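The values are calculated or read from the model by the stated rules, or taken from the named source; none is laboratory data. Everything numeric in this text was worked out from a predicted model, so none of it was measured. Here the Cβ positions follow ideal geometry from the backbone for every residue, glycine too, while neighbour counts run over all protein chains shown.
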Amino acid sequence: MAVATATPDATVRIPAGRRPVSLNRLARIVTMLLVAAAFVFPIIGFVAMSFRNADEVAAGQGGFLGLGGVSWDNVRFSWSQVNGFGPGSGGLFVRWMTNSLIVSVGGALIAVVAAIPAGYAMARLRFRGRRILLFVTLLAMVMPNTVLVIPLFLEVAAVGAVGELWPVVVIMGFFPFGCYLAYIHFMTTMPPELVEAARIDGLNEISIFTKVAIPISKQAVALVAFFSFVANWTNFFLPLALLSSNQNNNTVSIGLQQLIGASPLFNPTVAAGLNVKLYMPQLALATFISMLPLLIVFLGAQRFLMRGQTVGAVKG
Amino acid sequence: MSVASSARTGSATAADTAVAGPERRPSRRTSRRVEAVGAWTLCAPYVVLLLIAGVVPIGYAFATALQTPPTPLNPAVGFGGLKSFETVVTDFRFLRTFGNIASVLVIWLPVMMIGIVGLALLVHASPGRFGNVMRFVYYLPGALAGVANFVLWVYLLNPGSSPIRAFWSALGLTDLKSVVVSGHDLSFILAAMLFFQGVGTWIVIVNGGLNGIDDAVLEAAQIDGAGPWRVAWNVKLPIIRPWIGYAALMNLAYGFQLFLEPQLLDQVASNALPDQYSPSQLGYAFAFSNYNFPAAAAMSLILLAITLGIGLLIVFKSGLFSEETH
């Protein structure tokens, strides 16, 4: 994307080896490494936690960050506990993951289908209302999305669909940031002359979009799909308000909250009545598994993210 | 920077095209109409979603806020005027929730801004692989968003599992409840959680702004004899000021939506914390504990007005979206 192209390094001309080791440079590197350690160690320790066993955690064994206590047997046991959660023989966790996939993928699909043509129209077509639509999009994009959750709940309750997945999918499909991404994409990659030329060739407005704009919108599609999927997957408040009344239709983000609430660490009374025991390793494993789809999507989208880094970065 | 400037190039060329078509004047009006119809057709799905997920719920919240809540004695809803706003504003928790948000923001926002700008400048001053690796490392916690970040913090805060167990025991804290409840720790804990989860994304964003600075500007400063500190302070900082303003306002707005962290911390601390710590929690309680939907709607509208104000500031004043709005 044109936006990210002009980023050569200012200092790259001086070969690193010849630069004097100044106090400044040393201080910079040490500061950066210390901050990095503070960021990475908790994550390593947390991931290691999902491979540990609760007794050793309680006893404070396992060495540095608990790395000495990791084993597959622990994971297998923890999984049996996480997967055993729920009525009867359990299986709620898998159900939650499936629901999260349904709403996140569904929401991302709708977001792409709606945002790409709208972004194109706002970037390259002249029509009355364009500015207002763009302004509303910007405003909706910079506002925290939890503000509208209760009004959305009232709306969904009015149509009698609380506890069902489809309203969540539709609401997640409204993704103004995606529309803005598409707008910037067509602004920077599709010259207006191309639209003019296509018109002279006799294409109508819709065909110009489908035959000229869509073939060059792979980057925008990938970015909108990625950001929307991540936002949907991690969304907590919306599914909490709309879905928590129906345990089978919970997403994994609110499911994790239930697992925490059923842990003997925090709620011994509830936990006493359960067949499964969810201590810290089990909670960490469930969290870790719930993050895997994000990791996969991130790896898949990485080349698009790096290319359109600056644009993508306007909102994380 | 780049986003705005590339947009600028785009609209300049759009204007050129508009001027460069006098020979088609006879059919101009029809072609304009055809173009507008095409544009609205392409925008239709998005506009429908905007209505469903934005406009209609806001309108419906207004209508709901003007009703009276049903009571066991009078189950019918009627017109209540601004009564529900009064209920919300005079609720003893109302001001307290905003005070709580303020106490978190006072700690979190300055630390966050210094962290974002400082680390982005450090990353920018580190060319090559080291800088890239560091930027990626700083981004990592941001990938653990929402509940995942929360569970990670439970692991850190709970003396029973924490890698900094020694630190907690030095403070005399032996269980999670005591860590979360002791003194005014909650603002600090929430600030730390928000910082850890948010700073990386913003480093990438501000770093993007720094990457947009013209090399010639930095070279000129170096030739003038400015050291790395002076370049950062006198050259880079002023140039990325729009990004810093954007980050500060976005994070300020984010503070007002705080929900997950205090809600779940209360859950893991055996309900030892205030049940309605943040305004969003209060709105949630109006809806799902008291079933007072008019009050819940009124609370949402109050929060909407605040964040809308911040949003307008971002769009008009940050300087990042100037081309789009003028």
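Considering segment B:144-172 alone, what residues qualify as being within 29 Å of A:Leu26 (Cα to Cα) and at the interface with chain A (Cβ under 7 Å from one of its Cβ atoms)?
Passing the criteria: only B:Pro163.
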Filter segment A:131-148 down to the residues that are more than 7 Å from chain B (Cβ to nearest Cβ) and either of a type in the set (S, T, N, Q) or within 18 Å of the chain's Cα centre (by Cα) (or both) and list them by number.
A:Thr137, A:Met141, A:Asn145
Specify which of the listed residues (A:Val94, A:Val112, A:Val103, A:Val170) is facing chain B (nearest Cβ under 8 Å), in a helix (DSSP H, G or I) and of a type in the set (A, V, I, L, M, F, W, C).
A:Val170
Quick count over segment A:140-164, residues being assigned to a helix (DSSP H, G or I) and crowded, with 20+ Cβ neighbours inside 10 Å, is 15
For B:Ala76, state whether it is within 30 Å of A:Ile150 (Cβ to Cβ), of a type outside the set (S, T, N, Q) and without any contact (Cβ under 8 Å) to a residue 12 or more places away in the chain.
yes
Just to be sure I understand, how many residues within segment A:115-139 are under 22 Å from A:Pro191 (Cα atoms) and either among the hydroxyl-bearing types (Ser, Thr, Tyr) or outside any helix (DSSP H, G or I) (or both)?
6
Scan segment B:48-85 for residues that are touching a Phe, Trp or Tyr at 6+ places or on another chain (Cβ under 8 Å) and under 30 Å from A:Gly107 (Cβ atoms) and jot them down.
B:Leu49, B:Leu50, B:Ile52, B:Ala53, B:Gly54, B:Thr64, B:Ala65
Out of (1) within 19 Å of A:Thr146 (Cβ to Cβ); (2) in contact with a Gly (Cβ under 9 Å, 6 or more places away or on another chain); (3) aromatic (Phe, Trp, Tyr), the one A:Phe226 does not meet is (1)
Any residue that is outside the structural domain of B:Thr174 (by TED's automatic domain parsing), free of Cβ contacts under 8 Å to residues at least 40 places away in the same chain and β-branched (Val, Ile, Thr) - is there at least one of those in segment B:304-319?
yes
Residues that are more than 20 Å from A:Leu34 (Cα to Cα): which helices (runs of 4 or more DSSP H) entirely in segment B:113-216 hold 2 or more of them?
B:147-157, B:165-170, B:176-181, B:185-211
Being more than 8 Å from chain B (Cβ to nearest Cβ), touching a Pro at 6+ places or on another chain (Cβ under 6 Å) and either modelled with pLDDT of 90 or more or at positive phi (or both) narrows it down to one of A:Thr251, A:Thr210, so name that one.
A:Thr251
Does segment B:101-117 contain any residue that is facing another protein chain (nearest Cβ under 10 Å) and at negative phi?
yes
Which helices (runs of 4 or more DSSP H) sit wholly inside segment A:1-80 and have at least 3 residues that are farther than 21 Å from B:Phe196 by Cβ and at pLDDT 75 or above?
A:23-49, A:54-58
Out of segment A:240-266, which residues are assigned to a loop (DSSP other than H, G, I, E, B) and within 21 Å of A:Arg52 (Cα to Cα)?
A:Ala262, A:Ser263, A:Pro264, A:Leu265, A:Phe266
So for segment B:237-257 (the condition being farther than 30 Å from B:Val117 by Cβ, surrounded by 15 or more Cβ atoms within 10 Å (Cβ to Cβ) and touching a residue at least 40 places away in the same chain (Cβ under 8 Å)), does at least one residue qualify?
no
Which helices (runs of 4 or more DSSP H) sit wholly inside segment B:223-319 and have at least 3 residues that are modelled with pLDDT of 90 or more, facing another protein chain (nearest Cβ under 7 Å) and more than 15 Å from A:Ala241 (Cα to Cα)?
B:293-317
Which pairs have Cβ atoms under 8 Å, sit 6 or more apart or on different chains, and link a residue in segment A:197-212 that is farther than 14 Å from B:Glu35 by Cα to one that is surrounded by 14 or more Cβ atoms within 10 Å (Cβ to Cβ) and modelled with pLDDT under 90?
A:Val212/A:Met190
Of everything in segment B:206-215, what is facing another protein chain (nearest Cβ under 7 Å) and surrounded by 24 or more Cβ atoms within 10 Å (Cβ to Cβ)? Give them in sequence order.
B:Gly208
Please work out which one of (1) under 18 Å from B:Pro45 (Cα atoms); (2) touching a Lys or Arg at 6+ places or on another chain (Cβ under 8 Å); (3) at pLDDT 90 or above is the condition A:Leu203 fails and give its number.
(1)
